[in-house]
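Shown next, in structure tokens, is the structure this report addresses.
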Amino acid sequence: MTRRWSADWGVPAKPADPEIDVLIPSFARPAELAVTLAGLAAQDTPDFRVIISDQTEGAPAWEHPAVQAMVRVLRAQGRAVQCGRHLPRRGLAEHRSHLLGLAEAPCVLFLDNDVWLEPGTLQRMHAALAASGAGFVGSAVQGLSHLTDDRPQERAPLEFWEDGRVVPERVRPSSPGFARWPLHNAANLAHAAAGLDVEPGAWLLYKVAWVGGCVLFDRRALQQCGGFDFWEDLPPAHAGEDVTAQWRVMERHGGAGLLPSGAVHLESPTTVIDRAIDAAGVILGQ
């Protein structure tokens, strides 16, 4: 692949109109954010913009030298990078709603600040979203510390979308589709991909319960389903806001997972400590 370097490091390339806005909600984790941005710098196409919204109460994560270095690399490649703060903290859903409100590109990638993307992942996700007709395509994060922890029983629910075309479906805890959630445990997707004959650059789409950490939405489809506007009906301490939004999009437009995934979880400790309130339970009555 040919990287998008400018001809002269001293003269940054002019940013192109992005096809994707990469939305990164950030809290603490400056080292992880630097790795996340390094993964984005390894993506060639399509054109994208990066929007970082930081809620660290001290110095924002993007002031860390390693993060600043990766921001410079992205900008030298011709990528627009926007760094901002969003305080006070009013919950995960509100933060995602804020980021979605900043987006203008046809597609938005919600990318957690502890995920590294292998080269070519963004191109595969974008092509798969366009070809599938889905409202979103997700690359579920893999924990590679589990590469020797093979769990074939958890991969039993793996079911591919026929011909790569995705149709709407309703997933709730009481529905059969909910049983797919173990697919994204440990390194299950890495083990699944190893057993498939997929050409380089190609992909398969499979049925999901939901996808965490790295999800590419058709922006209009997400907004038609309300985005994350339900944040006002939640207390600040909650989890599952991503599941809630995805289930609403799946019911109207469909959603899928991408295999091979290409997304690696950095396996740092979670910053979401209080999970007592489940957003789907409050908003969808489940």
Rounded to the nearest Å, the spacing of the alpha-carbon centers of the range 55-94 and the range 222-286 is 22
Taking a crude spin-label model, label points 7 Å out from Cα along the C-beta direction, the Asp229 to Ala59 distance in nm is 4.0
Here the net charge surrounding Ala192, from other residues whose Cβ is less than 15 Å away from its Cβ (Lys, Arg +1; Asp, Glu -1), is -1
With Cβ to Cβ distances under 14 Å as the rule, what net charge do the other residues near Ala131 carry (K, R +1; D, E -1)? -1
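Among Cys225, Cys107, which comes first, second and so on when ranked by fewest other beta-carbon atoms within 10 Å?
Working: Cys225 19, Cys107 26.
Ranking Cys225, Cys107 by Cβ neighbours within 10 Å, fewest first, gives Cys225, Cys107.
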Where N is the number of residues in the range 10-101, Cα Rg divided by 2.2 N^0.38 Å: 1.06
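Counting pairs of Cα atoms in the range 1-159, how many percent are more than 28 Å apart? Please report the intermediate quantities before stating the final value.
Numbers: 3085 of 12561 pairs.
It works out to 25 percent of all Cα pairs.
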Tally Lys and Arg at +1 and Asp and Glu at -1 over the other residues with C-beta under 15 Å from the C-beta of Gly226: what net charge comes out? -3
What FRET efficiency would be calculated for the residue pair Phe178, Asp17, taking the C-beta separation as r and a Förster radius of 51 Å, to the nearest 0.05? 0.85
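Using only alpha-carbon positions, what ratio does the radius of gyration of the range 153-265 give when scaled by 2.2 N^0.38 Å? Before the final figure, lay out each step's value.
Numbers: Rg = 14.7 Å, N = 113, 2.2 N^0.38 = 13.3 Å.
Expressed relative to 2.2 N^0.38 Å, the Cα Rg reads 1.11.
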The value for the chain (convex hull of the alpha-carbon atoms, volume per residue, Å³) is 127
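Only helical DSSP H runs with n ≥ 4 go in: add -39500 (n - 2.57) per run for the chain, normalise by residue count and round the 222 nm mean residue ellipticity to 500 deg cm²/dmol.
Numbers: 8 runs with 77 residues, N = 286.
After summing the helix terms and dividing by residue count, I get -8000 deg cm²/dmol.
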Among the DSSP beta bridges whose two residues both lie in the range 20-283, what percent are antiparallel, rounded to the nearest 5? 40
Phi angles of the range 265-282, converted by Karplus (6.51 cos²θ - 1.76 cosθ + 1.60, θ = phi - 60°) into ³J(HN,Hα) in whole Hz with x for Gly and Pro, give 7, 6, 6, 6, x, 5, 9, 9, 8, 8, 10, 5, 9, 8, 4, 4, x, 7
Equivalent ellipsoid semi-axes for the range 68-207, as square roots of 5 times the alpha carbon gyration tensor eigenvalues: give them largest first, rounded to whole Å. 29, 20, 18
How many nm is it between the label spots at Arg220 and Ala237, if each spot is 7 Å from the Cα in line with the beta carbon? 4.2
Per 0.36 nm of contour for each residue apart, how much would the distance between Ala131 and Asp163 grow if the chain were fully extended, relative to their Cα-Cα spacing? 10.5 nm
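Among Phe217, Phe228, what is the fewest-to-most ranking by other Cβ atoms within 10 Å?
Details: Phe217 30, Phe228 25.
The most exposed by this proxy come first: Phe228, Phe217.
We did not get these values from a lab; they are worked out from the coordinates using the rules stated. Note that the structure is a prediction, hence the values are computed from the model and not measured. So basically every Cβ, Gly included, is an ideal-geometry build from the backbone, and we count neighbours across all protein chains shown.
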